[in-house]
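What follows is a set of notes on a single structure, which appears directly below.
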Amino acid sequence: MSRISRRDLMRMLGGTGVAAGLGGVFSARPLRADPASRADAPPGTPVAGTDHPPAVMIDGKVIQPERELPLLHETDVLVVGGGSAGVVAALAAKRAGARVALVERYGHFGGLWTGGLVVLVIGHWVTGNKQVCQGIGEEMLQRLEKLDRGIVNRRPGVNPTVDAEALKYVMVEMVVEDHVDVFLHCWGVDAIMDGNTIRGAVFESKSGRQAILAKQVVDATGDGDVFAAAGAEHERRRYHLGLVSRIGNLDKVDQAKAKKSPRKPRHLGNITPIAGVNWVNMHGPDADGLDVRELSQLELNHRRQIWKNVEELRSTPGYEDVYLMETAPQLGVRITRALHGVETLTMKGVLENQKYPDCVAVGGAWAGDHQEWQIPYRALLPRNVENVLAAGRCISGEPRMADLIRVIPNCFITGHAAGCAAAIAAQDGCLAREVDVPKLQKLLREQDAYLG
Ligand SMILES: Cc1cc2nc3c(=O)[nH]c(=O)nc-3n(C[C@H](O)[C@H](O)[C@H](O)COP(=O)(O)OP(=O)(O)OC[C@H]3O[C@@H](n4cnc5c(N)ncnc54)[C@H](O)[C@@H]3O)c2cc1C
């Protein structure tokens, strides 16, 4: 079968939208889509039915007709993804004086840190209990400290645990105080490209399919959804994929009974700021966090497994009153896509204390068990696409680096660097790869980031 471009196909379909003129090559079938007007119609307005140009099927794929997208917003810096990296990036860019839009697919901020119930913050420290992850992420932890039951184990050299709800609240407070433009329930589905330069992104929400235009884009989706859509070189990886839960009533455990029993409890998890409540991590099997079938199957498996684990715990003498408080609404997807950046972080570089002239962040260790390591700006920069920066767990690093890159404080600091860089590029009217690095480093230090 001869190949035909999508544009040619649309021209051939023309106004009639009938595929018969294509000599029976296509088995055409009109599909119904939602009315394009739904984004524009205020409540109470009768909406007339719409005649759609039909989609067609070709080689088992659906080809949709070209569509005009309403403009949802226009800004200097667009941050897609409101996890630990994205929220910090948005605040950093806003504090640097840029207009900033922060777009998140769910109804809250924090990503895996809150929605994934991954509440243990590992990686602030390096040898000698020196704290390297500072700046806006550190400010969040300080705010949590002021709240009743916001955080526990907040002392030098120890990894603190936060309360997910307190953290969601803190993030909302910070984003609102700094007047970041927020779009929740909005899923980034495509990049808007002009050659190899990004101009914004396309979002799906209850308002329909809409566009946000921006001078600079920060991809803080964790999964690199935007840089992948923009055509940036990257690597797709399988990684352990679990589901975190919380259990309650641990303060009601009958310790005397438990002590006497030969059976020891399993799946107990670790403490949270709420007395009697533990968070329970799950490693899970290696899986493709971008494959909807695998995600669905794992969600089903993990939910059954967690319930069984709690039943087993409850059948342990002394633990009869323990109960399942909640399973995380968000699956524990650790690593999916990693950018192929201009520079790639390596474990050798970490262990040999590699220095970079464009250092924009200094990473911590899992348990303060090694020296600080520098993160160059180029690890956030795609090789082949302009004006989109990676932040958080999807920046450029070799597979062995994934466990270091992805811990929460290391996501703060790459978010911080990406937000400041995007603001400078937007204000200076330059490409992200042309950002004046000393200026970026100065701005980061002014915003209390630690660069060594
Ligand atoms: C089970 C598990 C256990 C872990 N344990 C620890 C631990 O003990 N300590 C530790 O420090 N780290 C731990 N981690 C790692 C850490 O939690 C994450 O790597 C880190 O939170 C990632 O932050 P991020 O901002 O890069 O990405 P995410 O937290 O994934 O944030 C991405 C955000 O973008 C949104 N988003 C995604 N796609 C789109 C889209 N297309 N459009 C709009 N929005 C989008 C998401 O909803 C989310 O809010 C663990 C991770 C997992 C999964």
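Quick note: the coordinates plus some simple rules give every number you see, no bench work behind them. None of the values given here were measured: they were computed from a predicted structure. Neighbour counts are summed over all protein chains in view; Cβ atoms, including those assigned to glycine, are modelled from backbone coordinates with ideal geometry.
Across region 33-160, counting alpha-carbon atoms alone, Rg and Dmax equal 22.4, 68 Å.
Quick check: residue separation of VAL158 and LYS355 times 0.36 nm, minus the Cα distance between them. What number comes out in nm? Mind showing how you got there, number by number?
Details: separation 197, 0.36 × 197 = 70.92 nm, distance 2.65 nm.
Once the chain is fully extended between VAL158 and LYS355, it gains 68.3 nm.
Of all the Cα-Cα pairs you can form in region 313-452, what percent are over 26 Å apart? Roughly 32 percent, once rounded to a whole number. Cβ-Cβ distance of VAL189 and GLU398, R₀ of 25 Å, FRET efficiency by 1/(1 + (r/R0)^6): the value works out to about 0.30. Each residue of region 279-294 was assigned a 3J(HN,Hα) from its phi angle through the Karplus expression (A = 6.51, B = -1.76, C = 1.60, θ = phi - 60°), giving 9, 10, 6, 9, 6, x, x, 5, 8, 9, x, 10, 9, 5, 5, 5 Hz with x at Gly and Pro. Counting only Cα atoms, the size of region 232-281 along its three principal axes is 59, 26, 11 Å, in decreasing order. For region 385-439, taking Cα atoms only, Rg and Dmax work out to 12.3, 36 Å respectively.
For region 169-273, the set of GluC sites (Glu not before Pro) satisfying both a DSSP loop assignment and a count of at most 16 other C-beta atoms within 10 Å is given as GLU233.
Enumerate by residue number the trypsin sites (Lys or Arg not before Pro) in region 106-184 meeting two conditions: DSSP loop (anything except H, G, I, E, B), and at most 12 other Cβ atoms within 10 Å of the site's Cβ. Can you show the working numbers first?
Values: sites: LYS130, ARG143, LYS146, ARG149, ARG154, LYS168; in loops: LYS146, ARG149, ARG154.
In loop regions of region 106-184 (DSSP not H, G, I, E or B), the sparsely surrounded trypsin sites (Lys or Arg not before Pro) are LYS146.
Pairs exceeding a 26 Å alpha-carbon distance, out of LYS355/LYS439; LYS94/LYS442; LYS168/LYS442; LYS355/LYS442; LYS61/LYS215: LYS168/LYS442; LYS61/LYS215.
When the GluC sites (Glu not before Pro) in region 54-100 are filtered for DSSP coil states and for at most 15 other beta-carbon atoms within 10 Å of their beta-carbon, the remaining sites are GLU66, GLU68.
The fraction of all Cα pairs in region 154-217 landing in successive 5 Å bins from 0 to the largest distance is 4, 14, 15, 14, 16, 14, 9, 7, 6, 1, given as whole percents. Summarising the strand pairing of the chain, around 70 percent of its internal DSSP beta bridges are antiparallel.
When both bridge partners sit in region 90-189, DSSP labels roughly 60% of those beta bridges antiparallel.
Size check on region 257-395: the Cα extents along the three principal axes, sorted descending, read 60, 38, 25 Å. Counting every C-alpha pair in the chain, the share spaced more than 40 angstrom apart comes to 26%.
Computed log10 I(q)/I(0) for region 114-260 at 0.12, 0.17 Å⁻¹: -0.78, -1.22, from the Debye equation with unit scatterers placed on every C-alpha and solvent omitted. Model label points for LEU295 and GLN255, set 7 angstrom from Cα along the Cα-to-Cβ axis, are 4.4 nm apart. Test of understanding: extend the Cα→C-beta vector of ASN270 to 7 Å, then name every residue of region 393-435 with backbone N under 12 Å from that spot. Only 408 fall inside the zone, counting backbone N under 12 Å.
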